[in-house]
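A.B. asks: One structure is given below, represented as structure tokens, and several questions about it will come after.
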Amino acid sequence: MKRKALAIFGIFSLITASTVLAPSGASALTLTNGSKIIAIDGDTDANVTVDIVNLGGTSEYTYGYFLNGSPVFTALAPVETVPFSGGDIMDFALYDTALDRYYTLSGDLLDDSYSVLMNFGNEVTNGEAQQPSGWTNPYYNNVNITWYLPGSNEVNTNEWAVNFIANGNDGIAPVPEPGTLLLLGSGLVGYAMLRRRNS
């Protein structure tokens, strides 16, 4: 009985994790919650950087990001290209100058006062990811972010991975959630334990 329950849990975990990690369509991914964004350096150029064009900011909100878990907010011009290293993790944010408050991609699950919708587009299909090494999830050329803020304010920002070389394959992707990775890992562990007991 215990073995059967372990097998069912393992299979359920694998199916659930693969559903969460897989995009709904071949060329687009929509997230109804915010997620940090990771820069993916493709293998068709001779560098490990990703140039990202940032479009955003309003008179009320300053657009910017927190890089790799740093507490330092880097403000962006309304249109600005920034080189990131492959594997860098950006938590894009809007800073409300009047309230001295940040609205981050990663914070909307913890704060009911605002929400974020992320639409990734143009899946990169040529070549493979070089940095971070071992990256196998889909990644994309761009993401449109819609911020639903207090007071019925709606702000749109965009991120574009720009490939300055022919057939470049740099891009961006949502950072897999730790819960999803834990779910996938527990499914694999359960399956391995079942196989070990049967052999």
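The values are calculated or read from the model by the stated rules, or taken from the named source; none is laboratory data. Note that the structure is a prediction, hence the values are computed from the model and not measured. Backbone-built Cβ (ideal geometry, glycine too); neighbour counts: all protein chains shown. The accessibility values were calculated without ligands, DNA or RNA, using every heavy atom of the protein model including side chains. Shrake-Rupley method; radii C 1.70, N 1.55, O 1.52, S 1.80 Å.
A.B. asks: Taking into account only those residues within region 105-146 that are at positive phi and in contact (Cβ under 8 Å) with a residue 12 or more places away in the chain, which is least open to solvent (accessible area, probe 1.4 Å)?
C.D. replies: Among them, the one singled out is G127.
A.B. asks: Still on this structure, I have one more. Which ones in region 80-103 are within 21 Å of the chain's Cα centre (by Cα) and either more than 15 Å from A161 (Cβ to Cβ) or outside any strand (DSSP E or B) (or both)?
C.D. replies: Within region 80-103, G86, G87, D88, D91, A93, L94, Y95, Y102, Y103 qualify.
A.B. asks: Continuing with the same structure: Considering only residues that are of a type in the set (A, V, I, L, M) and out of contact with any Pro (no Cβ under 8 Å at 6 or more places or on another chain), look in region 53-74 and name the one that is nearest to N158 (Cα to Cα).
C.D. replies: So the residue we want is V53.
A.B. asks: Given S70, S152, S85, which one is closer than 23 Å to V48 by Cα, without any contact (Cβ under 8 Å) to a residue 12 or more places away in the chain and either surrounded by fewer than 19 Cβ atoms within 10 Å (Cβ to Cβ) or not β-branched (V, I, T) (or both)?
C.D. replies: So the residue among S70, S152, S85 that is closer than 23 Å to V48 by Cα, without any contact (Cβ under 8 Å) to a residue 12 or more places away in the chain and either surrounded by fewer than 19 Cβ atoms within 10 Å (Cβ to Cβ) or not β-branched (V, I, T) (or both) is S70.
A.B. asks: With respect to T104, is the statement that it is farther than 20 Å from Y140 by Cα, out of contact with any helix residue (DSSP H, G or I) (no Cβ under 8 Å at 6 or more places or on another chain), at pLDDT 95 or above and not basic (K, R) true?
C.D. replies: Here the answer is yes, as T104 does meet what is asked.
A.B. asks: Within region 173-186, can one find any residue that is modelled with pLDDT of 95 or more and assigned to a strand (DSSP E or B)?
C.D. replies: yes
A.B. asks: Another question about this same structure. Can you name the residue in region 37-67 that is outside any strand (DSSP E or B) and either under 19 Å from V143 (Cα atoms) or touching a helix residue (DSSP H, G or I) at 6+ places or on another chain (Cβ under 6 Å) (or both) and, of all such residues, is most open to solvent (accessible area, probe 1.4 Å)?
C.D. replies: Per the stated criteria, the residue is T58.
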